[in-house]
Amino acid sequence: MELVAAYASCEVKGVKLFAGDFISFTFLGAGELRGFFRRVDMSHEVFKYLVVDDDNNGIPHHYQLPYIYGIEVHPVPSRYRR
């Protein structure tokens, strides 16, 4: 049986994230990525995933930690939070 946990707010790389925050970050040297933070999933014993809607279409994308660098958070008004 797999233990699955998801967090709508968390601290990643020393940065406090809340669901709906607009963030930018670099993933595996692929350049800057931007999107709305949704949650952090810990669905595996070892890996955590940052779940981001990076084109604001409601489709989540999973980015594996710790391979995320330089997170910047740009808080959005609460009415935009998901």
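Taken together, the values in this text are just the output of simple stated rules run on the coordinates, not laboratory data. Bear in mind the structure is a predicted one, so any value in this text is a computation, not a measurement. Here Cβ is always computed from backbone atoms with ideal geometry, including for glycine, and neighbour counts include all displayed protein chains.
Some points to look at:
- Summing Lys and Arg as +1 and Asp and Glu as -1 over all other residues whose Cβ lies under 14 Å from the Cβ of Leu50 gives a net charge of 0.
- Computed magnitude of the charge dipole of the stretch 5-80 (debye, nearest 20; Cβ of K, R +1, Cβ of D, E -1): 160
- For the stretch 5-80, the relative contact order comes to 32 percent (Cα pairs under 8 Å, sequence separation of at least 6).
- Global geometry of the stretch 31-75, whether rounded, prolate or oblate, following the gyration tensor of its Cα atoms and the 1.5 cut on a/c: oblate
- Values (i) 59, 31, 15; (ii) 33, 25, 18; (iii) 38, 29, 25 are given for comparison; Cα extents along the principal axes in Å, derived from the coordinates here, is the one labelled (iii).
- The H on the amide N of Arg39, modeled in the peptide plane, is under 5 Å from the matching H of Val51, each at least 5 residues off or on a different chain.
- Amide N of the stretch 8-22 lying under 16 Å from the label point, which is placed 7 angstrom from the Cα of His74 along Cα→Cβ: 18, 20-22
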